[in-house]
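The values are calculated or read from the model by the stated rules, or taken from the named source; none is laboratory data. Quantities reported herein were computed from a predicted structural model and do not represent experimental measurements. When we count neighbours, we look across all protein chains shown, and the Cβ atoms used for this are built from the backbone with ideal geometry, even at glycine. Surface accessibility is based on the protein's heavy atoms, side chains included, excluding ligands, DNA and RNA. Shrake-Rupley method; radii C 1.70, N 1.55, O 1.52, S 1.80 Å.
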Amino acid sequence: MTKLKLHIKPIANKEEIPFDLLELADPSRSQINSYLNKGFCFIGCVESKTVGVLVLNKISSTVIEIKNIAVKDTEQGKGFGKALLKYSEKISQELGFEKLIIGTGNSSIGQLALYQKEGFEIDRIEKNFFLNNYTKPIFENGIQCKHMVILEKKL
Ligand code: ACO
């Protein structure tokens, strides 16, 4: 079977923002809006259909963060998440950043596996981040999501 290529591009206008995909990664619309307003948003398309999204926020002159990365449920496990991570690295390097960071919940086992497979190293844990910043409890893999695990990759 031929592998389909993901075409990644910056969003051209606000109507293109795929909130349904952003909400797969983050249940809080207010958090999403706050980092969308500060950052760069990209979509990943296959044969003109949007299947992935990526939001990057500048943290400092040297550090940039992946605030949201998501792939449509039916398209997961096909390598598109890895393609979005690789694109994040490339664009961040081109913009002159030295470090790329990404945070995920303590309960996000698959995501923690993926990011480490892609060369990210655990840097620190923000204790109780999800308890303090989200109104509803989040559960994944039978584990309550309480803490933010922050991983980093030197570019
Ligand atoms: N154990 C080991 N490896 C795992 C596990 C696990 N439990 N779960 C997934 N993986 C690995 C897979 O084996 C695969 O690696 P491999 O190719 O070496 O086998 C890899 O993770 C998945 O790779 P892709 O197919 O490229 O990823 P996908 O297209 O499914 O996208 C993503 C990954 C973005 C996390 C997707 O699953 C998704 O959208 N999930 C819902 C939203 C989400 O949780 N987003 C991230 C939140 S954190 C944030 O946004 C900053």
Quiz item: Which pairs do you get when a residue that is under 26 Å from residue 132 (Cα atoms), found in the stretch 105-119, comes within reach of a residue that is of a type in the set (S, T, N, Q) and assigned to a helix (DSSP H, G or I), reach meaning Cβ atoms under 9 angstrom, with the pair 6+ apart or on two chains?
Solution: 105/111
Exercise. Sort out which residues of the stretch 100-123 are more than 6 Å from the ligand (Cβ to nearest atom), under 15 Å from the mean Cα position of the chain (by Cα), assigned to a strand (DSSP E or B) and over 20 Å from residue 137 (Cα atoms), and write them in order of number.
Key: 100, 101
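Look at residue 84 and say whether it is touching a residue at least 40 places away in the same chain (Cβ under 8 Å) and either open to solvent by 30 Å² or more (accessible area, probe 1.4 Å) or not basic (Lys, Arg) (or both).
yes
Among 9, 78, 67, 90, which is the only one that is part of a helix (DSSP H, G or I), open to solvent by 10 Å² or more (accessible area, probe 1.4 Å) and not small (Gly, Ala, Ser)? Give the steps one after another, and end with the answer.
On the way: 9 fails: part of a helix (DSSP H, G or I); 78 fails: part of a helix (DSSP H, G or I); 67 fails: part of a helix (DSSP H, G or I).
Being part of a helix (DSSP H, G or I), open to solvent by 10 Å² or more (accessible area, probe 1.4 Å) and not small (Gly, Ala, Ser) holds for just one of 9, 78, 67, 90, which is 90.
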Quiz item: Can you name the residue in the stretch 12-24 that is modelled with pLDDT of 95 or more and outside any loop (DSSP other than H, G, I, E, B) and is also surrounded by the most Cβ atoms within 10 Å (Cβ to Cβ) among such residues?
Solution: 22
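Residue-wise test of (1) touching a Ser or Thr at 6+ places or on another chain (Cβ under 9 Å); (2) at pLDDT 95 or above; (3) open to solvent by 70 Å² or more (accessible area, probe 1.4 Å).
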| position | (1), (2), (3) |
| --- | --- |
| 96 | yes, yes, no |
| 106 | no, yes, no |
| 112 | yes, yes, no |
| 116 | no, yes, yes |
| 120 | no, yes, no |
| 127 | no, yes, yes |
| 134 | yes, no, no |
| 140 | yes, yes, no |
Quiz item: Quick one: what pairs do we get from the stretch 4-21, first residue under 22 Å from residue 73 (Cβ atoms), second small (Gly, Ala, Ser), C-beta under 6 Å, 6+ apart or different chains?
Solution: 6/44; 6/83; 8/44; 21/70
Quiz item: If you scan the stretch 25-64, which residues turn out to be hydroxyl-bearing (Ser, Thr, Tyr), away from the ligand (no atom under 13 Å from the Cβ), more than 23 Å from residue 154 (Cβ to Cβ) and in a loop (DSSP other than H, G, I, E, B)?
Solution: 48
Self-check item: In the stretch 142-155, the residues that are touching a Phe, Trp or Tyr at 6+ places or on another chain (Cβ under 7 Å) and open to solvent by 50 Å² or more (accessible area, probe 1.4 Å)
Solution: 146, 155
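Only one of 80, 42 is on the phi < 0 side of the Ramachandran plot and touching a Pro at 6+ places or on another chain (Cβ under 7 Å). Can you tell me which?
Values: 80 fails: touching a Pro at 6+ places or on another chain (Cβ under 7 Å).
Every option except 42 fails the conditions.
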